[in-house]
1. Within the range A:91-101, can one find any residue that is on the phi > 0 side of the Ramachandran plot, surrounded by fewer than 15 Cβ atoms within 10 Å (Cβ to Cβ) and of a type in the set (Gly, Ala, Ser)?
2. Take B:Phe86 and decide whether it is exposed (fewer than 15 other Cβ atoms within 10 Å of the Cβ) and more than 12 Å from every other protein chain (Cβ to nearest Cβ).
3. All but one of (1) exposed (fewer than 14 other Cβ atoms within 10 Å of the Cβ); (2) within 15 Å of A:Cys14 (Cβ to Cβ); (3) not small (Gly, Ala, Ser) hold for A:Leu158, so report the exception by its number.
4. Can you go through B:Thr89, B:Thr84, B:Thr34 and tell me which one is touching a Leu at 6+ places or on another chain (Cβ under 9 Å) and among the β-branched types (Val, Ile, Thr)?
5. Name the single residue, out of those in the range B:98-130 being basic (Lys, Arg) and within 18 Å of the chain's Cα centre (by Cα), that is nearest to B:Val12 (Cα to Cα).
6. Residues B:Phe86, B:Phe74, B:Phe110: which one is of a type in the set (Phe, Trp, Tyr) and in contact with a Phe, Trp or Tyr (Cβ under 7 Å, 6 or more places away or on another chain)?
7. For A:Gly109, work out the one condition from (1) on the phi > 0 side of the Ramachandran plot; (2) touching a residue at least 60 places away in the same chain (Cβ under 8 Å) it doesn't fulfil.
8. How many of the residues in the range B:102-145 are in a helix (DSSP H, G or I) and either at the interface with another protein chain (Cβ under 10 Å from one of its Cβ atoms) or of a type outside the set (Lys, Arg) (or both)?
Protein chains: 2
Amino acid sequence: MAMEIREDDWVVCCGSSDFAKLMVKASPFSSLETAIDVAREIWFNQVNVPAWLEAFAAHPQIGNSPSPSNNSDFARRSVAEQSTAFATTSASALEELSEWNALYRQKFGFIFIICASGRTHAEMLAELKGRYANRPIVELEIAAKEQMKITELRMAKLFSEKAEVVSQTES
Amino acid sequence: MAMEIREDDWVVCCGSSDFAKLMVKASPFSSLETAIDVAREIWFNQVNVPAWLEAFAAHPQIGNSPSPSNNSDFARRSVAEQSTAFATTSASALEELSEWNALYRQKFGFIFIICASGRTHAEMLAELKGRYANRPIVELEIAAKEQMKITELRMAKLFSEKAEVVSQTES
């Protein structure tokens, strides 16, 4: 039995609806590696800049948790990815992060995107401050690359969960 | 008497409201050359990607005239810039341009931007076809550079008109 990956599974990996539709169109994939190659081609060469902005907008701000009422798979992934950060954070770090997030958004017109897995809030704040100096077009491309890292981690998780479902169904 | 350039004059040069506001803030300018240097710094390094998209969206599609009811200064500039093109065009060229404009907009999520002054529709169509193959982020930067060329031509026109008003007032 092949894995069934639906459009809303892809939206959890990356919040661009064009990305999700093109991944469904390119399915099925023989392996995670093949799927990631296709996802990179779609993300960097096929979906457009408004689609990138749509994907960025799907994330909570770093240092913010999605509200408890937001029980979506996307929100759960965001929380899990910031687990290292929240385990080691402080009120003052969160406050400074919040201020810099606001400056960043004001300058670039989109939220600060960073692959948060395994990183502390202090590390991400240092990254934010460094990236703040960039030209907007340069920062857009960095954000798109960070989004792709997040997408790849989420795809790996998606494939391992789906594989489990398939093996449970078959046993 | 110094030239008085208002925010809506700057919006005629470039349809980003952030650009217009920052140009007002940086005023007055001792010469057109100084103003262009400042405009380039603001356009490429200060206003963000959503502001670029706002500026692109202010233009009519190449090959389309603004509707006769659109009597704005911005629309008049667009018509004047395409005067060479319209003087030498044909129905079939306009049809092909319209089809490619639609393909372009579908791929990139914004209108095809090109500095039209002195160019024929056939030349612009050839450019469009060449640029269509670009990655979205690459094309975004090319479009921003074309917008800056348009802005510079419009600033030159604005400064010469304002200089005329000043000299008439003084005589």
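1. As a first pass, look at the range A:91-101 and keep what is on the phi > 0 side of the Ramachandran plot: none.
No, the range A:91-101 contains no residue that is on the phi > 0 side of the Ramachandran plot, surrounded by fewer than 15 Cβ atoms within 10 Å (Cβ to Cβ) and of a type in the set (Gly, Ala, Ser).
2. On the way: exposed (fewer than 15 other Cβ atoms within 10 Å of the Cβ): yes; more than 12 Å from every other protein chain (Cβ to nearest Cβ): yes.
Judged against the criteria, B:Phe86 is a match.
3. (1)
4. Working: B:Thr84 fails: touching a Leu at 6+ places or on another chain (Cβ under 9 Å); B:Thr34 fails: touching a Leu at 6+ places or on another chain (Cβ under 9 Å).
Every option except B:Thr89 fails the conditions.
5. Taking the range B:98-130 as the starting set, the residues that turn out to be basic (Lys, Arg) are B:105, B:107, B:119, B:129.
In the following step, the residues that additionally are within 18 Å of the chain's Cα centre (by Cα) were identified as B:105, B:119.
Working: B:Arg105: 23, B:Arg119: 21 Å.
The residue in question is B:Arg119.
6. On the way: B:Phe86 fails: in contact with a Phe, Trp or Tyr (Cβ under 7 Å, 6 or more places away or on another chain); B:Phe74 fails: in contact with a Phe, Trp or Tyr (Cβ under 7 Å, 6 or more places away or on another chain).
The conditions single out B:Phe110.
7. Failed condition: (2).
8. Keep residues of the range B:102-145 that are in a helix (DSSP H, G or I), which gives B:102-108, B:121-132, B:136-145.
Of the ones still in play, those that are also either at the interface with another protein chain (Cβ under 10 Å from one of its Cβ atoms) or of a type outside the set (Lys, Arg) (or both) are B:102-108, B:121-128, B:130, B:132, B:136-144.
Selection size over the range B:102-145: 26.
The values are calculated or read from the model by the stated rules, or taken from the named source; none is laboratory data. The structure displayed is predicted, hence computed values, not measured ones. Glycine also receives a Cβ, built like all others from the backbone with ideal geometry; neighbour counts cover every protein chain displayed.
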